[in-house]
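What follows is a single structure, written as structure tokens, with notes after it.
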Amino acid sequence: MTVPSRSGPARAKARTLFAAAAVASAAAVALAVPAAASAASIHGRSAGTATGPAVFVQTDNTAGNQVVAYDRAGDGQLTLAGTYPTGGLGGQLTGSVVDHLASQGALGYDAARGLLYAVNAGSNTVSVFAVSGDRLRLRQVVGSGGTFPVSVAVHGGLVYVLNAENGGSVQGYYVVSGRLVPIPGSARALGLDPAATPQFTNTPGQVAFSPGGAHLIVTTKANGSDIDVFGVRPDGRLSRQPAVNPEPGAVPFAITFDPAGHLVIADAGTNALSTFTLSPDGTVTLLDAVGTGQSATCWVAPDGGLLFASNAGSASISGYASSPGGALTLLGQTATDPGTVDAVATPGGRFLYVQTGGNGVVDEFAVGPGGSLTEVGHVTVAGAAGGEGIVAA
């Protein structure tokens, strides 16, 4: 079900007051933008009118993280437009091969404000870019409030970052004048077992807001196999403790919502998509679960009434249709390059771009009637083998 929004005027007023107080301490937390990164923020394109639409891909390279920008043509094919250092380092969880962050949402796009957020797992920071068509300008590099950030959630003037190591944590920020300002008292520890192995399956998978912004959801993967749901207060801070929803053996990994507002989870343990209702108290109720018949089903991308699950172990995409009542119908499989990870549909739903970690390739598909996928091309992203994070603007 669709979660109702909190009181608009009261919520906005509370956030404004807390943001004003938080701005004073922002300078102590924000890091200066490295000069080299700032100069490189226009690399690959000379001054002039920016173009669009665009697709942005994160490399997560441990020698220096980058966001690579591509122009999207009318037929869906991508053309390199520029490469933008984040001012931080990528990271790699122990045991990971094609998915170094083992997460979804490593890039976050704020269309309303024209901002792009990128995690730097190896530096424990988050980079903020201003977006103009296919061009980026690095505005800020700020501490993530924890260790090894892997996922970003955006809703209105709020951003939450998920840190994967040391038991996992989330840290909140206000968006103020195109920069992130840490929210005092917003950090919440997840309390996962930091010694659980292998590391890449026992760190949290994603952080995401519910459609109305009243809840913040975190998946714990094999470390508890839970869906944790925090309440979001009017000032942007979270409930002290989450509602913990066990999914024994399912290994909940990635999060999205269908058009009816049902929670959708990609379950890596059962290689399935599951739909749930989300109650105001944060508890979830299973509606349907349908297997992909594939291996390592870890990511899910929405496209209107369609859902596309990425299967890293099978090098494939599984298409689903979601009914208004949350029932799922498996539509079939489409082959990809090796190591299928993150995917994103364009705002109009005509194209699907699939990031594959085996060789750092992005596969380009046209979405046809009934969810059929037709490959229209592919691009190799330099230095992006094992990388995760892709958005379409």
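The values are calculated or read from the model by the stated rules, or taken from the named source; none is laboratory data. Note that the structure is predicted; figures quoted are calculated from it, not measured. Glycine also receives a Cβ, built like all others from the backbone with ideal geometry; neighbour counts cover every protein chain displayed. Ligands, DNA and RNA are stripped out before the accessible areas are found, and what is left, the full protein with its side chains, is counted by its heavy atoms. Shrake-Rupley method; radii C 1.70, N 1.55, O 1.52, S 1.80 Å.
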Could you grab me the full set of residues in segment 319-342 that are open to solvent by 20 Å² or more (accessible area, probe 1.4 Å) and aliphatic (A, V, I, L, M)?
Ala321, Ala327, Leu330, Leu331, Ala335
So the check is Cβ under 7 Å with 6+ separation or different chains; which pairs have a first residue in segment 227-240 that's at positive phi and a second one that's assigned to a strand (DSSP E or B)?
Gly236/Leu158; Gly236/Gly172; Gly236/Tyr174
Take the residues of segment 357-379 that are β-branched (Val, Ile, Thr) and within 23 Å of the chain's Cα centre (by Cα): which is farthest from Thr340 (Cα to Cα)?
Val367
Within segment 211-222, residues crowded, with 23+ Cβ neighbours inside 10 Å and over 15 Å from Val150 (Cα atoms) come out as His215, Leu216
Just to be sure, is Asp281 farther than 15 Å from Ala343 by Cα, open to solvent by less than 10 Å² (accessible area, probe 1.4 Å) and at pLDDT 95 or above?
no
Inside segment 172-181, the number of residues satisfying the requirement of being at negative phi and either open to solvent by 20 Å² or more (accessible area, probe 1.4 Å) or among the aromatic types (Phe, Trp, Tyr) (or both) is 5
Output the number of residues of segment 197-208 satisfying the condition of being of a type outside the set (Ser, Thr, Tyr), surrounded by 22 or more Cβ atoms within 10 Å (Cβ to Cβ) and either closer than 21 Å to Gly108 by Cβ or in contact with a Gly (Cβ under 7 Å, 6 or more places away or on another chain) (or both).
5
Of Val159, Val98, Val150, Val126, the only residue that is in contact (Cβ under 8 Å) with a residue 24 or more places away in the chain, within 29 Å of Ser314 (Cα to Cα), of a type in the set (A, V, I, L, M) and not in a loop (DSSP other than H, G, I, E, B) is Val150
If I ask for residues that are of a type in the set (S, T, N, Q), open to solvent by less than 40 Å² (accessible area, probe 1.4 Å) and in contact (Cβ under 8 Å) with a residue 60 or more places away in the chain, which ones from segment 129-147 would you list?
Gln140
Across segment 64-92, the tally of residues that are farther than 20 Å from Asp363 by Cβ, in contact with a Ser or Thr (Cβ under 6 Å, 6 or more places away or on another chain) and open to solvent by less than 30 Å² (accessible area, probe 1.4 Å) stands at 5
Does Leu287 fit the bill of being open to solvent by 40 Å² or more (accessible area, probe 1.4 Å), closer than 23 Å to Val354 by Cα and assigned to a strand (DSSP E or B)?
no
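Taking only segment 324-369 into account, find how many residues are outside any strand (DSSP E or B) and touching a residue at least 40 places away in the same chain (Cβ under 8 Å).
The total comes to 14.
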